[in-house]
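All of the numbers you see were taken from the coordinates with simple rules; none came from a lab. Only a predicted model underlies this, so the values are computations on that prediction, with no experimental measurement involved. Every residue, glycine as well, gets a Cβ built from its backbone with ideal geometry; the counts of neighbours run over all protein chains shown.
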Amino acid sequence: EPEVTQTPSHQVTQMGQEVILRCVPISNHLYFYWYRQILGQKVEFLVSFYNNEISEKSEIFDDQFSVERPDGSNFTLKIRSTKLEDSAMYFCASRGPLAGGYNEQFFGPGTRLTVL
Amino acid sequence: RKEVEQDPGPFNVPEGATVAFNCTYSNSASQSFFWYRQDCRKEPKLLMSVYSSGNEDGRFTAQLNRASQYISLLIRDSKLSDSATYLCVVNRRSNTGKLIFGQGTTLQVKP
C-alpha cells in the first residue's frame, strides 16, 4: 500500500539553526500539507501546497518557514532560524488528485523536532 | 472559542462496552467532517468520514447534525485495540483541503 514517508524521524538542533524536514508524498497525489503537533496539544495546520505554490498558510507559518517541492517527489519544510517553541512533531500529508474536501489526507509518520 | 471542541476524557471502559464521543464545531462554513484515530506519538489515521445521513463501519457509527453543529462517534463492543485518541476533524469550505483538528478524546479500554 502506498504511504507517505518522512525523514528524519527525529531531529535535534540548536536554537537559531536551520532545519529541513523531508517528506515523500504518495506518487499520484497533487495536494501536499504540513501540520505540527506540540506535545500534549492538538494537530495544527501549517501550510498547503498545490501546483508548485502555497495555496493556504496559517498564522504559524511566518517568514521563518518555507516549503518546496524541488524534484517532483520530495516535499520539504524549512525552518530558517529555529526557536525553542518550534519543538513539535511535524506531519506531512498528501491528498489524491480529485478536488473537494472528502478525499482522505494520508499522513506520514512524522518528524520529531527538538530545539535545544 | 475553539473551532472544534471535544471532551478530552479520558474515557476508561471495560472490553465489550459501548462508548460515545461528541464534538462540536463553531464554523457553520465547515463542509466535511471526519473522525481520525491517533495512537501515542503516531500519525493521525482516518477512521471514517461523517455524512449528514449518518454512516456505519462495523462497530463504529458516526452522526452529523449540521443544525446543532455537532458530530458523534459511537463504538460498540469495545476492544483493547480501540484504546487510542479519537480526533474530531473538520474541513472548511475551501479547495485547499485544510483540516482543523479537535484536541482529541482519549479512550482506554480495560480487560
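Data for the structure
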| quantity | calculated |
| --- | --- |
| Cysteines, chain B, no other Cys beta-carbon under 4.7 Å | B:Cys40 |
| Net charge of Cβ neighbours under 14 Å - reference B:Thr24; Lys, Arg +1; Asp, Glu -1 | 0 |
| Centroid-to-centroid separation of the range A:1-32 and the range B:33-111 [C-alpha atoms, Å] | 25 |
| Global form of the range A:1-58, assessed from the alpha-carbon gyration tensor, a/c cut-off 1.5 | prolate |
| Overall form of the protein assembly as shown per C-alpha gyration tensor (a/c, 1.5; a/b vs b/c) | prolate |
| Dipole magnitude of chain A about its Cα centre (Cβ charges: Lys, Arg +1; Asp, Glu -1), debye to nearest 20 | 180 |
| Computed magnitude of the charge dipole of the protein assembly as shown (debye, nearest 20; Cβ of K, R +1, Cβ of D, E -1) | 220 |
| Other protein chain Cβ atoms within 10 Å, averaged over every residue that makes up B:76-89 | 0 |
| Local electrostatic count, A:Thr5, Cβ distance below 13 Å [Lys/Arg +1, Asp/Glu -1] | -2 |
| Qualifying lysines (Cα of each under 22 Å from Cα of B:Lys79; at least 8 residues distant if same chain) | B:Lys42, B:Lys45, B:Lys110 |
| Net +/- balance of residues flanking A:Ile26 in space, Cβ distance below 13 Å, scoring K and R +1, D and E -1 | -2 |
| Average beta carbon contacts from partner chains per residue of B:41-49, 10 Å cutoff | 5 |
